[in-house]
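See structure below.
No lab work stands behind these numbers, since they all come straight from the coordinates. Small disclaimer: the values here were computed from a predicted structure and weren't measured. Please note: Cβ atoms are built from the backbone with ideal geometry, for glycine as well, and neighbour counts cover all protein chains shown.
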Number of protein chains: 2
Amino acid sequence: MTTRRDFLQKLTATAISFPFTAHAIQPKSIAVAEPYQGPVLRVAIMGLGSYANRVAEAMRDCKKAAITGVISGTPSKIKDWQGKYNIPEKNCYNYDNFDRIKDNKDIDAVYIITPNALHHPQCLRVAAAGKHVICEKPMAVNAREGQEMVDACKKARVKLLIGYRMHFEAKTLEVLRMRNAGELGKVLFFEGHSGFQIGNPNQWRMNKALSGGGAMMDIGIYSVNGARYMIGEEPIWVTAQETKTDPVKFKEGIDETILFQFGFPSGAVASCLSTYSMNYLDRFFLNGEKGYAMLQPATGYGPIEGRSHKGEFKHPHITHQTTQMDEMAEIILNNKKPVVPVDGEEGLKDMKIIDAIYEAVRSGKRIDLRL
Amino acid sequence: MTTRRDFLQKLTATAISFPFTAHAIQPKSIAVAEPYQGPVLRVAIMGLGSYANRVAEAMRDCKKAAITGVISGTPSKIKDWQGKYNIPEKNCYNYDNFDRIKDNKDIDAVYIITPNALHHPQCLRVAAAGKHVICEKPMAVNAREGQEMVDACKKARVKLLIGYRMHFEAKTLEVLRMRNAGELGKVLFFEGHSGFQIGNPNQWRMNKALSGGGAMMDIGIYSVNGARYMIGEEPIWVTAQETKTDPVKFKEGIDETILFQFGFPSGAVASCLSTYSMNYLDRFFLNGEKGYAMLQPATGYGPIEGRSHKGEFKHPHITHQTTQMDEMAEIILNNKKPVVPVDGEEGLKDMKIIDAIYEAVRSGKRIDLRL
């Protein structure tokens with residue numbers, strides 16, 4: 001049985017690693033960083049589950065972000081985190097009283113790491129409290145909710161960022177550099193495989209009221225988002241096909257496996273797989289007229305492996321959540337522009353596409369995304 | 001510019017070879033064969049282009065099949081082949097007089113290696129001449145023609161075989177053995193990438209009247225056929241999406257790139273790519289509940305590379321056309337049953353599916369294949 005604690009780790013373990021036979025590409029030499037002395041983003045974590053633990057452990061190595069508060073409905077978890085991360089009592093909240101965070105000068109932002117369906121009301125409350133919002137993906141369970149979150153944060157003049165950790169990952173960015181430099185020629189095809197065999201059928205991810213959907217919401221979103229940043233365009237149409245081989249495990253509204261395809265303005269196409277019933281996936285493959293680049297594993301937590309027609313990528317692995325939180329601090333505190341956006345509008349684009357994928361499955365029709 | 005001579009060779013050269021890091025799987029030890037003393041299938045080759053040359057060179061190593069005749073519209077080619085393969089004048093024909101092959105006791109079968117649109121009329125004439133037919137794939141340019149070919153050969157009491165060389169390839173058969181033995185668990189997903197960058201736009205493959213279509217007819221058929229034998233079921237529905245990025249090179253009726261998807265009775269699905277505009281493809285990936293198997297390169301002429309969750313496949317490479325022709329001799333002369341059929345009915349199934357793929361592209365609808 002797979003728990004949330006293990007599942008993306010498992011992705012890495014069970015993904016097909018690929019060979020590095022060709023000449024390796026050496027990354028630029030890394031300058032020795034001077035001790036950081038600038039401002040630090042002070043973050044309260046909302047929802048103290050296993051992914052929140054992963055984020056918190058990674059943030060121990062952050063230079064520009066630090067955990068200063070927690071929000072949880074479980075007092076024992078709060079106590080545990082207070083000890084581990086040195087959090088004072090006055091920075092601890094529960095789901096009834098966290099609106100009071102408004103008056104807490106130790107907290108700049110709240111990172112929402114709760115079940116998908118809770119993101120929308122929680123985001124609205126955090127925004128109303130005047131704190132910046134970092135929200136795990138999917139940002140919501142549909143585009144309407146996502147739009148309301150964007151609007152609420154805009155109105156409250158706080159930033160809204162979505163936890164797209166891959167947007168800061170070095171090998172991912174190397175693919176985009178190659179593409180932008182023309183090293184792949186005209187880009188024609190993206191393939192994304194996102195999936196794993198899910199274990200415990202009683203977890204919230206298998207409960208539509210909390211998850212908003214199945215594999216597509218949880219892991220398929222990596223290929224939805226990946227298709228967009230790998231091709232470097234917004235899709236203009238989507239088609240999708242669902243199959244369910246285990247309707248007992250995967251109940252109504254919980255998608256097991258969906259194939260989906262995108263067309264882009266340039267004529268490039270994408271072919272993707274989202275699944276909760278298979279391992280040996282986690283692959284991004286970008287192909288152009290002159291060459292290819294691929295990541296496999298592409299989105300797991302462990303080291304991403306990358307290569308192109310020119311050889312292996314050698315960029316060192318840095319824990320994704322460490323880089324993410326340092327970069328998000330720069331975005332919030334210094335208005336830094338990331339290579340690939342991680343703001344609410346970016347998250348909203350994925351939600352609109354996921355809505356369209358479900359609509360394509362229901363209708364059997366190609367859905368025009370330009371409307 | 002890519003010529004027919006080079007193109008499948010190129011597939012191999014430009015395909016992404018994958019790594020063999022895990023424990024290797026050793027094939028069964030090969031018994032030393034005794035000198036063959038049984039009957040030999042005597043074959044006339046129709047159409048002396050570059051693929052016919054490849055077949056003829058491979059047949060030098062055949063034990064159970066031999067070239068005894070040729071049919072060509074080019075006298076200089078006939079002269080060349082007579083010298084190279086020791087073919088007597090009386091076994092040489094052109095397209096006007098080859099019906100007379102009926103009276104030639106040196107020829108058991110005719111291997112049709114001509115442009116796709118010619119297969120149908122030529123097959124009907126060979127069948128009428130009472131000779132067995134081996135026909136390159138696609139067997140025809142649509143299912144109606146394919147059905148007429150099956151019917152004509154049945155009526156004439158001759159065998160009709162289609163040039164599915166991969167059906168005899170050792171690593172391909174290893175995947176099927178693993179699947180049948182349950183080593184992959186329940187099979188859930190097949191992915192096929194079939195394509196290459198085509199060169200000379202003036203070749204017959206880019207002329208709809210001779211080819212019957214574009215990449216789908218020429219190379220996409222490998223994934224159509226592969227999906228069926230890798231999953232081990234007949235698809236019950238197909239969806240398809242076309243994109244054309246170069247309408248000058250790829251004229252009306254010549255498909256450049258088509259994505260297509262199949263659903264199977266078990267709930268398994270397939271996702272495939274057919275293209276004339278990209279290299280770095282040629283990949284079959286079969287995934288199940290317990291493990292995966294993949295071939296990459298999957299269908300090129302050069303050595304196929306295969307691996308699974310259990311490790312690398314180590315079966316030695318044997319020139320595909322040598323094995324194919326020895327096996328086809330056994331099928332024709334001794335009624336041997338191949339692991340995967342190569343008869344006219346098998347070819348007809350692919351033609352019906354290709355018709356449905358084109359219909360799915362035209363209509364934008366999911367096509368039911370059970371009708």
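Inter-chain Cβ neighbour count for A:250-261, averaged per residue, equals 2 (cutoff 10 Å, partner chain atoms only).
Counts of other chain beta carbons within 10 angstrom of each beta carbon in peptide A:231-241 average 2. Label point of residue A:60 set 7 angstrom out along Cα-Cβ; within the stretch A:321-342, amide nitrogens under 20 Å from it belong to A:321-327. What the phi angles of the stretch A:213-220 give under the Karplus curve with 6.51, -1.76 and 1.60, with θ = phi - 60°, is a coupling list of x, x, 4, 4, 5, 8, 10, x Hz, glycine and proline written as x.
Considering only A:179, A:60, A:205, the Gaussian network model of chain A with Cα springs below 10 Å gives its largest mean-square fluctuation to A:60. Per-residue Cβ neighbour counts within 10 Å put A:237, B:81 in the sequence A:237, B:81, beginning with the fewest.
For residue A:279, the residues whose amide H sits under 5 Å from its own are A:197, ignoring neighbours fewer than 5 places away on the same chain, with H placed 1.01 Å from N. The alpha carbon convex hull volume per residue for chain B rounds to 137 Å³. Per the Debye calculation on the protein assembly as shown with a single equal scatterer at every Cα and no solvent contribution, log₁₀ I(q)/I(0) for q = 0.05, 0.10 Å⁻¹ amounts to -0.29, -0.97. Given R₀ = 51 Å, what would the calculated FRET efficiency be for residue B:106 paired with residue A:183, taking r from the Cβ atoms and rounding to 0.05? So the FRET efficiency works out to roughly 0.35. Note on the stretch B:41-162: percent of Cα-Cα distances in each 10 Å bin, starting at 0 and stopping at the bin with the largest distance, equals 14, 50, 32, 4.
Taking B:122, B:324, B:37 in turn, the Gaussian network model of chain B (Cα-Cα springs below 10 Å) assigns the largest fluctuation to B:37. Shortest first, residue A:182 label-point distances to identical copies amount to 5.8 nm, with the label point at 7 Å from Cα along Cα→Cβ. Here, P(r) means the percent of Cα pairs in each 10 Å bin from 0 to the largest distance; for the stretch B:146-282 it is 11, 33, 33, 19, 3. Taking the label point 7 Å along Cα→Cβ, residue B:314 and its counterparts in the other copies are spaced 3.2 nm apart, in ascending order.
Separation of the alpha carbons by more than 27 angstrom is noted, of A:186/A:244; B:137/B:171; B:64/B:159; A:249/B:186, for A:186/A:244. Helical runs assigned H by DSSP (4 residues or longer) give chain B a calculated mean residue ellipticity at 222 nm of -10000 deg cm²/dmol, each run adding -39500 (n - 2.57) before division by the residue total.
Taken one residue at a time, the phi angles of the stretch A:83-89 give Karplus couplings (6.51, -1.76, 1.60, θ = phi - 60°) of x, 5, 10, 6, 9, x, 3 Hz. Gly and Pro are set to x.
For Cα pairs less than 8 Å apart in space and 6+ apart in sequence, what is the mean separation divided by the residue count of the stretch A:41-162, i.e. the relative contact order in percent? Computed value for the stretch A:41-162: 23 percent relative contact order. Extension gain, residue B:90 to residue B:251, is 53.8 nm, computed as 0.36 nm per intervening residue step minus the present C-alpha separation. Can you figure out the FRET efficiency of residue A:317 with residue A:36, using R₀ = 22 Å and their beta-carbon distance, to the nearest 0.05? For R0 = 22 Å, the calculated efficiency reads 0.55. Here the spin labels are modelled as points 7 Å beyond Cα on the Cα-Cβ line, and at residue B:339 and residue A:76 they lie 5.5 nm apart. Phi angles of the stretch B:104-115 translate, via the Karplus equation with coefficients 6.51, -1.76, 1.60 and θ = phi - 60°, into HN-Hα couplings of 9, 7, 8, 10, 9, 8, 10, 9, 7, 10, 10, x Hz per residue; Gly and Pro are given as x.
Mean per-residue shielding of peptide B:82-89 is 0, counting Cβ atoms of other chains within 10 Å of each Cβ.
Shape verdict for the stretch A:144-208, please, from the Cα gyration tensor: rounded (a/c under 1.5), prolate (a/b greater than b/c) or oblate. Oblate, since a/c reaches 1.5 and b/c is not below a/b. In the protein assembly as shown, the DSSP beta bridges split such that about 55 percent are antiparallel, to the nearest 5. When residue A:80 is represented by a point 7 angstrom out along its Cα-to-C-beta vector, the spacings to that point in the other copies are 7.6 nm, nearest first. For the cross-link pairs A:290/B:310; B:314/B:337; B:77/B:105; A:290/A:336, the ones whose C-alpha atoms lie over 28 Å apart are A:290/B:310; A:290/A:336. Top mean-square fluctuation among A:138, A:88, A:115, Gaussian network model of chain A, C-alpha springs under 10 Å? Highest fluctuation of the listed residues: A:88. Taken over the Cα atoms of the stretch A:271-351, the convex hull encloses 154 Å³ per residue.
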